[in-house]
Amino acid sequence: MTISRRLFIGTGIAGSAALASGLVSSTAWTASPVAVGILIPGSKSDKGWMESGYDGLTASEKKHGAAIKVQMIENIKDAEMEQALTNLASKSDLVIGVGGQTQAALLKVAKRFPKVKFSIVGGALGDKIPNVAQYDVKQAEIAFLAGAAAAMLSKTGAVSYVGGLEIPSIVNAGKEFGNGAKYIKPDIKYFEAYAGDFDNVSKSKEATLAAISQGADVHYHILNLGLRGMEQAAREKGTHLIGGYTNRCGGDPLYVAYSVTGVGFQVQYAIDQTVAGTWESGYKPFGLAMGSAASDMIVCSGTAEQKAKLEAIKKEILSGKITTLNG
């Protein structure tokens, strides 16, 4: 099978710029760059998970320059993932799969390339393989905070959530979004739906319109390109969204808040650790315990009272007073 998706190969933004200007000395190239292969299975411009991962990659290129050499494959169907990862592994010191949907294929390929390091961004706790690191963004944890923010921002007393695939991590996030909303307003109405995949625009729009028809005015999601459907529904009906993964407050008035889930942060983490020689295999939870760059909740025009309440909830989660589901 031939991979027909987009392929990008680079030497690092900073390194390329320096080379073009003639400022790189011969001694700067004595050490071989770390070869990084990254699979972004969706679109790197989806305003969500994939774009956050790509942002982390470009930040790493700026930081490390010629010390890394990047090969990226994006927009890959499930059936092509194993071949794409094999392609990357054959040329890389580190391979990163951006999204839990890469995990099954990545674990298979990792066993065939024991000398290559593999990191899964959004990886669930699974089989321990000596050359695989599984990074848990703790989506359910931050979804609880997103639910709390949605309840504070709702004027109708009803909020909604649309997930992509109906798998444990996505379902758990939906449940915790509802739990967070009820933590603020026990009688709030909560509507939950699944589009069947992360990129289905029409079903995401249909689910959001259904929730709006029942009063929901603030919506949350775990989607990729399917988010476009939610945006269409919210614009048509005058409701609002809580965005995910990256703080983009001020970019679009449709969005009233953002949950930061550090996808890009984890991409940078994997690259930083590999370059430094401190990369480790195994399961690693991120979430609120890793700081605001890894996980945070931002209300774009929030009041002092709203911000204080969200900070208090964070402390209760970190202390264990509030417990959330896995994933």
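What the table shows:
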{"item": "Stretchable slack from SER32 to ALA312, in nm (0.36 nm times residue separation minus alpha-carbon distance)", "result": "96.1 nm"}
{"item": "FRET efficiency, THR303 to LYS91 (Cβ-Cβ, R0 41 Å, nearest 0.05)", "result": "0.20"}
{"item": "Part-to-part distance (alpha-carbon centres) for region 89-148 and region 54-82, which is given in Å", "result": "14 Å"}
{"item": "For ILE76, solvent-accessible area (1.4 Å; no DNA, RNA or ligand), Å²", "result": "10 Å²"}
{"item": "Local net charge near GLY287, Cβ-Cβ under 9 Å (Lys/Arg +1, Asp/Glu -1)", "result": "-1"}
{"item": "Estimated 222 nm signal from helices in the chain, with DSSP H stretches of n ≥ 4 weighted -39500 (n - 2.57), rounded to 500", "result": "-12500 deg cm²/dmol"}
{"item": "Accessible surface, per residue, of the chain when the full set of protein chains is kept, probe 1.4 Å, Å²", "result": "43 Å²"}
{"item": "Within a Gaussian network of the chain (alpha carbon springs, distance under 10 Å), most fluctuating of GLN71, GLN214, GLN134", "result": "GLN214"}
{"item": "ASN131 versus LYS182: modelled label distance in nm, points set 7 Å from Cα along the beta carbon direction", "result": "4.6 nm"}
{"item": "Accessible-area composition of region 59-141, carbon plus sulfur, in percent [1.4 Å probe]", "result": "52 percent"}
{"item": "Under 14 Å from the ALA104 label point (7 Å along Cα→beta-carbon), backbone N, region 77-94", "result": "77-83"}
{"item": "When each of LYS77/LYS203; LYS185/LYS307; LYS128/LYS284; LYS44/LYS175 is checked by Cα-Cα distance, pairs over 21 Å", "result": "LYS44/LYS175"}
{"item": "FRET E, pair ASN75, ALA289, Förster distance 22 Å, beta-carbon r, rounded to 0.05", "result": "0.10"}
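The values are calculated or read from the model by the stated rules, or taken from the named source; none is laboratory data. Quantities reported herein were computed from a predicted structural model and do not represent experimental measurements. Don't worry about glycine lacking a Cβ; one is built from the backbone with ideal geometry, like all the others, and counts go over all protein chains shown. Keep in mind that these areas ignore ligands, DNA and RNA; they rest on the heavy atoms of the full protein, side chains included. Shrake-Rupley method; radii C 1.70, N 1.55, O 1.52, S 1.80 Å.
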